[in-house]
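Before any comments, here is the structure.
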Amino acid sequence: MNPFVRELTERVSREVGLPPEDLAAHVQLPPDPELGEYSLPCFPLAKALRRPPQQIASELAGRIRPGGYILAAEAAGPYLNFRVDKEALAEYVLIGVYERRERYGGSDEGKGKVVVVDFSSPNIAKPFGIHHLRTTAIGWSLYRLYGVLGYKPIGINHLGDWGTQFGKLIAAFRRWGDEKALDADPIGHLLELYVRFHREAEGQPELEDEAKAWFKRLEEGDREARKLWERFRDLSLREFRKVYELMGISFDHYWGESFYNDRVPEVVRRLKELGLARESERALVVDLSEYDMSPCLILKSDEASLYATRDIAAAIYRWERFKFAKMLYVVGADQQLHFRQVFQVLRLMGYEWADRCVHVPFGLMRFRHGRMSTRKGRIVLLEEVFGRAIELVRGIIEEKNPGLESREEVARKVGVGAVMFANLKGRRIKEAVFDWDEVLKFDGETGPYLQYTHARLCSILRKYGEGPSPEVEFGLLREPEEWAVIRLLERFPETVRLAAYQYEPGVLAGHMIDLATAANKFYNAHRVIGEDRELSRARALLVYAAKTVLSNGLYLLGMEAPKEM
């Protein structure tokens, strides 16, 4: 709690008898700077004090006198607005950024606690498609958000590397596989085999039985089946890692569905022992009708395990391994029923920690002007999307700044960042619309706009020539454009917390756009480096603080912060 909020909540607390901590949760910034620096809605006080919020605000405004940081308390309808010492507030915010630098916005509130983030999870032997981008971008941002709040984040890539589709691939490869094609283009060749299997199976239904037999052999540890499966997995991972490296993403564990396969029998045994599992049409299910859900399928009629079975086994293993405070599943909204079922089965098994498991759903992403063309047909390859973005940014740089020495590096940072940001801005549950013309703009609500603003602030500081100094006259920063930046800098730590605890990187993305817009308005309206040396020093510190917080925000969004563009 910052000292200004602490003082005003303590003053109100003495008047109403409620704990300052409870009051602090309701403190806001007024929508209009003319109303003051802080605002306390009195709606939450109405029930406790048994009076209308307007009356409470008016009474408190009359009783709270100027003193300390507080210059005035004024009622505006049901709101109690506070004016505080702006010079002291500017000093508090700018010195805070200057001293904490890349740690500004973080805390140690999660120290000693683990947050598991299950995200990305592409399917082995299939192209890394654009449909995996949103889980990857959102999951990576949440991983970093919890990390700066002091938690130990554990990133797990729950690869889709098990199931009957691998019986189909093995059968297809033994019939039509080409060793040279597999080495040259592993994913492409395996996809061709998978597509051909389904095409051939339409006229030869016995192929489905052959595939089931191969998957059964794989589950039983057959040497030939296992060898082929491991080869498909290793080749796929090699290709996936190229894309992750381009995005700057890493995982603590690549534990796919197969990792938990030998733990499935114990899950089945325990479900039967607890009387939770019953047979239905030769399959094994857990009846969840009491919880307004369809049955959770545990084993198919051929006793093969399913996604739910492996997810239950995975959750138990992760709890035993990490004793997590939270486990986040960053998976599309179409899987909400699946996770409701899995979490409920875990509760029925007696695992109280099931309430620490959270499904973080998100909407789909589509291209505004139809699908991007790709040699793979209907699948939009993620690598091709990034390649296209980098190519387009390279062209923009050639036009706007052809002398830039690091243009290839900048094109990569901005191209990748543009695609990542397009998946993070806005509420995650909404559909994300991808429009090349909008995504790559250097102005507006885009990743390049944030990165360009950061680069421009770096350029101002280079021209200033001196390192930022905390020894400035903070009272000189009194222009509305300066205050807009300071207030957004102040709100950054709380925005980081909100983004993490609401599982909404879009909250942070929106704040970064607001900060970049305010910073642009400031340096377009006022000279940073002028004849007034003291004013220049104060404004240079403001620019440094804005640049630092933009860099910190970009990091938390999984993006890089170029120093020149």
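Tabulated data for the structure shown
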{"quantity": "Failed item in (1) under 24 Å from Glu109 (Cα atoms); (2) part of a helix (DSSP H, G or I), with Tyr503 passing the rest", "calculated": "(2)"}
{"quantity": "Among residues of segment 287-303, those that are small (Gly, Ala, Ser) and buried (at least 18 other Cβ atoms within 10 Å of the Cβ), counted", "calculated": "0"}
{"quantity": "Meets criteria (part of a loop (DSSP other than H, G, I, E, B), more than 21 Å from Leu182 (Cβ to Cβ), in contact (Cβ under 8 Å) with a residue 24 or more places away in the chain and among the aliphatic types (A, V, I, L, M)) for Ile298", "calculated": "no"}
{"quantity": "Subset of segment 233-247 (residues that are closer than 22 Å to Ile138 by Cβ, in contact (Cβ under 8 Å) with a residue 24 or more places away in the chain and exposed (fewer than 15 other Cβ atoms within 10 Å of the Cβ))", "calculated": "Lys242"}
{"quantity": "Wholly enclosed strands (runs of 3 or more DSSP E) of segment 1-95 bearing at least 1 residues surrounded by fewer than 16 Cβ atoms within 10 Å (Cβ to Cβ)", "calculated": "70-76"}
{"quantity": "Options Glu230, Glu192, Glu210, Glu224; residue that is of a type in the set (Asp, Glu), surrounded by 12 or more Cβ atoms within 10 Å (Cβ to Cβ), part of a helix (DSSP H, G or I) and touching a helix residue (DSSP H, G or I) at 6+ places or on another chain (Cβ under 7 Å)", "calculated": "Glu210"}
{"quantity": "Any hit, segment 126-143, residues being touching a helix residue (DSSP H, G or I) at 6+ places or on another chain (Cβ under 6 Å) and within 20 Å of Glu494 (Cβ to Cβ)", "calculated": "yes"}
{"quantity": "Any hit, segment 267-274, residues being closer than 27 Å to Leu218 by Cβ, surrounded by fewer than 20 Cβ atoms within 10 Å (Cβ to Cβ) and either modelled with pLDDT under 95 or not assigned by TED's automatic domain parsing to the domain that holds Glu210 (or both)", "calculated": "no"}
{"quantity": "Condition check for Val84: on the phi < 0 side of the Ramachandran plot and out of contact with any Leu (no Cβ under 9 Å at 6 or more places or on another chain)", "calculated": "no"}
{"quantity": "Number of positions in segment 248-266 that are touching a residue at least 24 places away in the same chain (Cβ under 8 Å), part of a helix (DSSP H, G or I) and surrounded by fewer than 19 Cβ atoms within 10 Å (Cβ to Cβ)", "calculated": "3"}
{"quantity": "Identity of the residue in segment 512-562, in contact (Cβ under 8 Å) with a residue 60 or more places away in the chain and outside any helix (DSSP H, G or I), that ends up nearest to Glu409 (Cα to Cα)", "calculated": "Pro562"}
{"quantity": "Enumeration of residues in segment 434-445 that are touching a residue at least 12 places away in the same chain (Cβ under 8 Å) and loosely packed, with under 14 Cβ neighbours inside 10 Å", "calculated": "Asp435"}
{"quantity": "Residue tally, condition in a strand (DSSP E or B) and surrounded by fewer than 21 Cβ atoms within 10 Å (Cβ to Cβ), over segment 96-148", "calculated": "3"}
{"quantity": "Residues (surrounded by 17 or more Cβ atoms within 10 Å (Cβ to Cβ) and either hydrophobic (A, V, I, L, M, F, W, C) or under 32 Å from the mean Cα position of the chain (by Cα) (or both)) located in segment 455-474", "calculated": "Ala455, Arg456, Leu457, Cys458, Ile460, Leu461, Pro468, Val472, Phe474"}
{"quantity": "Among (1) under 30 Å from His253 (Cα atoms); (2) in contact (Cβ under 8 Å) with a residue 60 or more places away in the chain - the single one Tyr98 does not satisfy", "calculated": "(1)"}
{"quantity": "Residue match in segment 541-553 (condition: closer than 28 Å to Arg407 by Cβ and of a type in the set (Phe, Trp, Tyr))", "calculated": "yes"}
{"quantity": "Residue in segment 485-492 that is part of a helix (DSSP H, G or I), within 17 Å of the chain's Cα centre (by Cα) and either surrounded by fewer than 18 Cβ atoms within 10 Å (Cβ to Cβ) or in contact (Cβ under 8 Å) with a residue 12 or more places away in the chain (or both) present", "calculated": "yes"}
{"quantity": "Subset of segment 143-200 [among the hydrophobic types (A, V, I, L, M, F, W, C) and without any contact (Cβ under 8 Å) to a residue 24 or more places away in the chain]", "calculated": "Trp176, Ala181, Ala184, Val195"}
{"quantity": "Complete set of residues in segment 508-520 that are surrounded by fewer than 23 Cβ atoms within 10 Å (Cβ to Cβ) and over 24 Å from Tyr98 (Cβ atoms)", "calculated": "Gly510"}
{"quantity": "Some residue of segment 521-537 being within 25 Å of the chain's Cα centre (by Cα) and outside the structural domain of Tyr143 (by TED's automatic domain parsing)", "calculated": "no"}
{"quantity": "Pro127 vs. criteria under 19 Å from the mean Cα position of the chain (by Cα) and touching a residue at least 12 places away in the same chain (Cβ under 8 Å)", "calculated": "no"}
{"quantity": "Any hit, segment 258-266, residues being in the same structural domain as Ser305 (by TED's automatic domain parsing), under 27 Å from Glu384 (Cβ atoms) and touching a His at 6+ places or on another chain (Cβ under 9 Å)", "calculated": "no"}
{"quantity": "Residue match in segment 322-341 (condition: more than 17 Å from Phe259 (Cβ to Cβ), assigned to a helix (DSSP H, G or I), of a type outside the set (Ser, Thr, Tyr) and in contact with a helix residue (DSSP H, G or I) (Cβ under 7 Å, 6 or more places away or on another chain))", "calculated": "yes"}
{"quantity": "Conditions (1) assigned to a helix (DSSP H, G or I); (2) farther than 27 Å from Pro31 by Cα; (3) free of Cβ contacts under 8 Å to residues at least 40 places away in the same chain: number failed by Gly467", "calculated": "(1)"}
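Table: residues versus (1) closer than 20 Å to His132 by Cα; (2) aliphatic (A, V, I, L, M); (3) out of contact with any Phe, Trp or Tyr (no Cβ under 6 Å at 6 or more places or on another chain).
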{"position": "Gly403", "(1), (2), (3)": "no, no, yes"}
{"position": "Val410", "(1), (2), (3)": "no, yes, yes"}
{"position": "Gly415", "(1), (2), (3)": "yes, no, yes"}
{"position": "Ala418", "(1), (2), (3)": "yes, yes, yes"}
{"position": "Asn423", "(1), (2), (3)": "yes, no, yes"}
{"position": "Lys430", "(1), (2), (3)": "yes, no, yes"}
{"position": "Leu440", "(1), (2), (3)": "no, yes, yes"}
{"position": "Thr446", "(1), (2), (3)": "no, no, yes"}
{"position": "Arg456", "(1), (2), (3)": "no, no, yes"}
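The values are calculated or read from the model by the stated rules, or taken from the named source; none is laboratory data. As the structure is a computational prediction, the values presented were derived from the model and not from experiment. When we count neighbours, we look across all protein chains shown, and the Cβ atoms used for this are built from the backbone with ideal geometry, even at glycine.
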